[in-house]
């Protein structure tokens, strides 16, 4: 206009030439001034600004940007088909259009790569399942169950108008971990794999390596309550009547009172409690070195397991190597005070080398054995070793 160019910033999306003609530029005296009132609006070739070249020859470079909802791969295929049709009507001296950048190539490469990885993963899963199950039919059922379940879920998504996003994928990821079969052979295979996991953790466990300790300034206050029941359901234990029952492969099976236990040498440690749910907290625990207590009662230190029974009906067991670890503690106090009921009064076993569910509270009895004793959470599918 008058030898000058003006930039018009259009925030909305125009679907037609008429939309541009009716674009409001400003307002005067309450009346909108439209683009068509000050300019002639038509489709035309863009003003040439500079030159373009390709392979040393003059060229016209055209960049195409798709709409947000368009399929890049499908749109690219249709554009290339249109270019092929247009080639027949090109003027003399104009070469066939050449594609110098094709975003669809990257998308297709990603799809091909994903398909290859899925195929490889399926083959590996099939091999592992067949190795443990030893039955082709059971292996095929187990191999196809989860993919078919996900496919049905995707069809439901389409029916409900849901999209594949972070939330829906997260839900699918959680559901794929659910138990979808009660076939005994599958359960046996899963148990075998879980026991193998426990053995590997046992081989990797270094009884001489200490868990990190922290200054008291880093204590988590208040230390969170954690159990499979609510804090208002904590069991009350009568301190005067309490006796710690000892059984199994031990020489001295006499029951210990709290006074007898408190009279034994104790130590404090500030260590991190790591919960399988994904949170952690630092606490100050005081109590008896569990290794020294086992030696005091004449436990068979060559036995495989130490088991625990608790007042809240909880039960668990640990390997002897962890029981003899220098940081494994028969805990009687927290932060210099008698162990609160919510933290396991009259005593708990504190093991900073294991996940929280392996640390029993409200202990009433312990036993040493060579027979696998299991545990509350372990019997529901958790790994038995539970190393942190």
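No value in this document is a laboratory result; all are computed from the given coordinates. Predicted model, so just to flag it, every value in this text is computed and none were measured. Reconstructed Cβ throughout: ideal geometry from the backbone, glycine too, with neighbour counts over all protein chains shown.
Numerical summary
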read-out: Share, in percent, of DSSP beta bridges within the chain that are antiparallel, nearest 5; value: 90 percent
read-out: Residue with peak Gaussian network fluctuation, the chain [Cα springs, cutoff 10 Å], from 25, 244, 119; value: 25
read-out: Gap separating the Cα centres of the stretch 329-388 and the stretch 258-325, nearest whole Å; value: 6 Å
read-out: Length-normalised contact order for the stretch 17-62 - Cα pairs under 8 Å, 6+ apart - percent; value: 25 percent
read-out: Inter-part distance where the stretch 69-124 and the stretch 1-44 are each reduced to a Cα centre, Å; value: 36 Å
read-out: The chain: most fluctuating residue of 328, 69, 213 per GNM, C-alpha cutoff 10 Å; value: 69
read-out: Ascending count of other beta-carbon atoms within 10 Å, so fewest first, for 258, 264; value: 264, 258
read-out: Helix-only mean residue ellipticity at 222 nm for the chain, each DSSP H run of n ≥ 4 adding -39500 (n - 2.57), per residue, nearest 500; value: -10500 deg cm²/dmol
read-out: Which labelled figure in [x] 145, 16, 11; [y] 68, 28, 17; [z] 71, 30, 20 is semi-axes √(5λ) of the Cα gyration tensor in Å, once derived from the coordinates; value: [z]
